[in-house]
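Asker: Okay, handing you the structure first.
The values are calculated or read from the model by the stated rules, or taken from the named source; none is laboratory data. Predicted, not measured: the structure shown is a model, and the values here were computed from it. Every residue, glycine as well, gets a Cβ built from its backbone with ideal geometry; the counts of neighbours run over all protein chains shown.
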Amino acid sequence: MTLAIALQTQQASFLSRVPQDTQTVMQQATTALGASGILDQTLKVGDTIPDFTLPNAAGQTVKVRDLLAQGPVVIAFYRGGWCPYCNLELKALQNALASIQGTGATLVAISPETPDNSLTTQEKNELTFPVLSDLDNQVARQFGLVFKLPMTLRPIYAGFGIDLVTYNGNDHFELPIPATYVVQPNGEIVYAFADVDYTKRAEPSDVVNALKGLK
């Protein structure tokens, strides 16, 4: 099963359980986010990524320059372990990890969650690649991915049991739009995926193909 099919199945299940008025508010928020022009400010193919250092789920420091010194790097920004679409993406990336590493590349996933919550996400999904904590979305902001969750969605998220203040360790209500990048050792982006619709994610096979194209 492709990731796209898994995501569509998850969305169909979600829509079957959620009232229409809630669906309408959520869709309006996605439409407004798209109209905001956020995609125009995201890093694109040909851009150079910023140098950054983030803690992994165990609190250890990970420097992207060190990863790039070893070869290409795949960077996947996700919203958090509370997001079922993110978990499907992370599991799909885990399934593709051998193929990714077979090209000589390193995979890291980044969310604004605290290290403790990132560890929970890593353990829950049995991930063997680093899950990094981007507190306050400092790195995601440099990639142009950050938006503030609108007031209309906050009570809906709370009703779903999603406590962003606890998950992210602040009351900013900021999230990154889902995005995946393939970066060659000189820091240049050779593949970029970003979408305001959080039910859409990069297909791992496309990531692997981009990596193979570097050889």
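Asker: For the range 150-159, enumerate the residues that are touching a residue at least 40 places away in the same chain (Cβ under 8 Å) and not in a helix (DSSP H, G or I).
Answerer: Pro150, Thr152, Leu153
Asker: Any residue in the range 51-80 that is more than 11 Å from Ala105 (Cα to Cα) sitting within a Cβ distance under 6 Å of a residue that is of a type in the set (Asp, Glu) and not in a loop (DSSP other than H, G, I, E, B)? List the pairs, counting only those 6 or more apart or interchain.
Answerer: Listed pairs, sorted by first residue: none to list.
Asker: Still on this structure: Identify the residue in the range 119-135 that is among the β-branched types (Val, Ile, Thr) and within 14 Å of the chain's Cα centre (by Cα) and, among all such residues, is surrounded by the most Cβ atoms within 10 Å (Cβ to Cβ).
Answerer: The initial filter retains those residues of the range 119-135 that are among the β-branched types (Val, Ile, Thr), namely 120-121, 128, 131.
Next cut, within 14 Å of the chain's Cα centre (by Cα) only: 121, 131.
Numbers: Thr121: 23, Val131: 28.
Looking at the filtered set, the residue picked out is Val131.
Asker: Among the residues of the range 171-189, write down those that are exposed (fewer than 15 other Cβ atoms within 10 Å of the Cβ) and either in contact (Cβ under 8 Å) with a residue 12 or more places away in the chain or under 13 Å from the mean Cα position of the chain (by Cα) (or both).
Answerer: Correct list: Asn186, Glu188.
Asker: Filter the range 18-72 down to residues that are in a loop (DSSP other than H, G, I, E, B), closer than 29 Å to Thr120 by Cα and not aliphatic (A, V, I, L, M), then give me how many there are.
Answerer: Of the residues in the range 18-72, 9 are in a loop (DSSP other than H, G, I, E, B), closer than 29 Å to Thr120 by Cα and not aliphatic (A, V, I, L, M).
Asker: Can you tell me how many residues within the range 103-121 are in contact with a Pro (Cβ under 9 Å, 6 or more places away or on another chain), within 12 Å of Asn87 (Cβ to Cβ) and either modelled with pLDDT under 95 or among the hydroxyl-bearing types (Ser, Thr, Tyr) (or both)?
Answerer: Counting residues in the range 103-121 that are in contact with a Pro (Cβ under 9 Å, 6 or more places away or on another chain), within 12 Å of Asn87 (Cβ to Cβ) and either modelled with pLDDT under 95 or among the hydroxyl-bearing types (Ser, Thr, Tyr) (or both) gives 1.
Asker: Collect the residues in the range 8-33 that are of a type outside the set (S, T, N, Q) and in contact (Cβ under 8 Å) with a residue 40 or more places away in the chain, keeping them in residue-number order.
Answerer: Listed by number, the residues that qualify are Phe14, Val25, Met26, Ala29, Ala32, Leu33.
Asker: Here's a check for you: in the range 190-215, which residue that is farther than 27 Å from Thr9 by Cα and basic (Lys, Arg) is surrounded by the most Cβ atoms within 10 Å (Cβ to Cβ)?
Answerer: Going residue by residue through the range 190-215, those that are farther than 27 Å from Thr9 by Cα are 190, 211-215.
Next, only the ones that are basic (Lys, Arg) stay: 212, 215.
Details: Lys212: 12, Lys215: 7.
So the residue we want is Lys212.
Asker: Quick one: in the range 139-149, which of the residues that are free of Cβ contacts under 8 Å to residues at least 60 places away in the same chain and within 14 Å of the chain's Cα centre (by Cα) is nearest to Gln60 (Cα to Cα)?
Answerer: Arg141
Asker: Just checking, does the range 78-93 include any residue being within 25 Å of Pro185 (Cβ to Cβ) and surrounded by fewer than 19 Cβ atoms within 10 Å (Cβ to Cβ)?
Answerer: Within the range 78-93 (the criterion being within 25 Å of Pro185 (Cβ to Cβ) and surrounded by fewer than 19 Cβ atoms within 10 Å (Cβ to Cβ)), the answer is no, since none of the residues qualifies.
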